1. Mind checking the angle between helix 47-63 and the chain's longest principal axis? C-alpha axes, 0 to 90 degrees, to the nearest 10.
2. For D184 and K60, FRET efficiency with R0 = 51 Å and r from the beta-carbon atoms, rounded to 0.05?
3. Once Cα extents along the principal axes in Å is worked out from the coordinates, which option in (1) 53, 46, 43; (2) 79, 47, 34; (3) 100, 40, 38 does it equal?
4. List, in order, the whole-Hz ³J(HN,Hα) value for each residue of the stretch 237-242 obtained from phi through the Karplus relation with A = 6.51, B = -1.76, C = 1.60 and θ = phi - 60°; use x for Gly and Pro.
5. Would you please classify the overall shape of the stretch 23-143 from the alpha carbon gyration tensor, given that a ≥ b ≥ c denote the square roots of the eigenvalues, rounded means a/c under 1.5, and beyond that prolate means a/b larger than b/c while oblate covers the rest?
6. By a straight-distance test (C-alpha under 12 Å), which aspartates and glutamates pair with K113 as possible cross-link partners, with residues fewer than eight away in the same chain excluded?
7. Amide H of R70: which non-local residues (sequence gap of 5 or more, or other chain) have their own amide H closer than 5 Å, using H built in the peptide plane?
8. Among K113, K60, K180, which one shows the biggest mean-square fluctuation in a GNM of the chain, springs joining Cα atoms closer than 10 Å?
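What follows is calculated from the coordinates using simple rules that are stated; it is not laboratory data. Just so it is clear, the structure is predicted and the values come from calculations on it, not from any experiment. Here the Cβ positions follow ideal geometry from the backbone for every residue, glycine too, while neighbour counts run over all protein chains shown.
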Amino acid sequence: MSRFFLKSLALAVAIIFGACLYSLPAAAQGAKQQFVTIGTGGVTGVYYPVGGVICRLVDKGRRAKEHNIRCIVESTGASVFNVNALRSGDLDVGIVQSDVQYHAYHGDESFTKAGPDKNLRALFSLQSEAFTLVARDDAGIKIFDDLVGKRMNLGDPGSGNRNTLELLMREYGWTPNTFKLATDLKPAEMAGALCDNKIDAYVYVVGHPNGSIQEAANTCSSHLVPVTGSKVEAFIAKYPFYPEAIIPGGMYKGTDSPVTTFGPRATLLTSVNLPEDVAYQLVKAVFANFEEFKSLHPALATLTPQTALEGNVAPFHPGAEKYFRETGLLK
């Protein structure tokens, strides 16, 4: 067999193989395979498993050959870290608390030095992180106004709990002197202090169900207090990244009825750099399987398609907006 014939045969095989490969769908070729990394939070928190749920649904669409996007969940330092990683391009998508989203987009608070990031784009909102007021049953606290003259934990200085409480206190015209006692306990110390009768109440801005609040409910006679009224309504109007939140009744011992309050939302945030088709497929993966999505983590149980569009400050990404308009969620 001549060398020329062998070369000709090899060339013919290469041409035929190339033609066959070219005729395969893009998903089979892998030519258009894209990777999306979602930054979450610590592995013991809510953000990490929720990010895993989103990736699971994206992968479901890939297996059905709807797209060729591979989703990767990454444990991170949570909201502020995720925003900074979006800015630097180290993350494609991040779970970010709505108040952090606001400050990053406008360039204030901890983002003053970095300046506003107008390239941020919202995909949708996740669970509410409710401003949760826990009180001893014997303290006589039925509404937020009843905290005057009580022993109150303001929270760890610099924490999200304390910052949010101090903003609301400003709306009420309160200072630490409004309370009989004002403490600076960390979250891990709050339930113990309440049940040891060292404080009458504490605030925890958190997703539900939560272990600390379950500890207080199961260890001593306590209940959740609604945070409502005209001053709270004015507060929500002033700070739109704190929408109304409802904690379901029966979740904690001592609180049988739903409790109305407010709080930031966990939001799924990206930037203008995420391709439109990728954003579209990511949003579709969740909203086309919404009931399954809600069932995969307790913190998502009260989410609805409508509330999943609330609490964002950054504009929706064009890919997300396209899906929402197609399905009638946005007009």
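1. Around 30 degrees separate the two axes.
2. Calculated value: 0.65.
3. Answer label, from the structure shown: (3).
4. Per residue, the Karplus-derived 3J(HN,Hα) values read 5, 6, 10, x, 7, 10 Hz.
5. oblate
6. none
7. Q34, F35, V36
8. Looking only at K113, K60, K180, the biggest GNM fluctuation is shown by K113.
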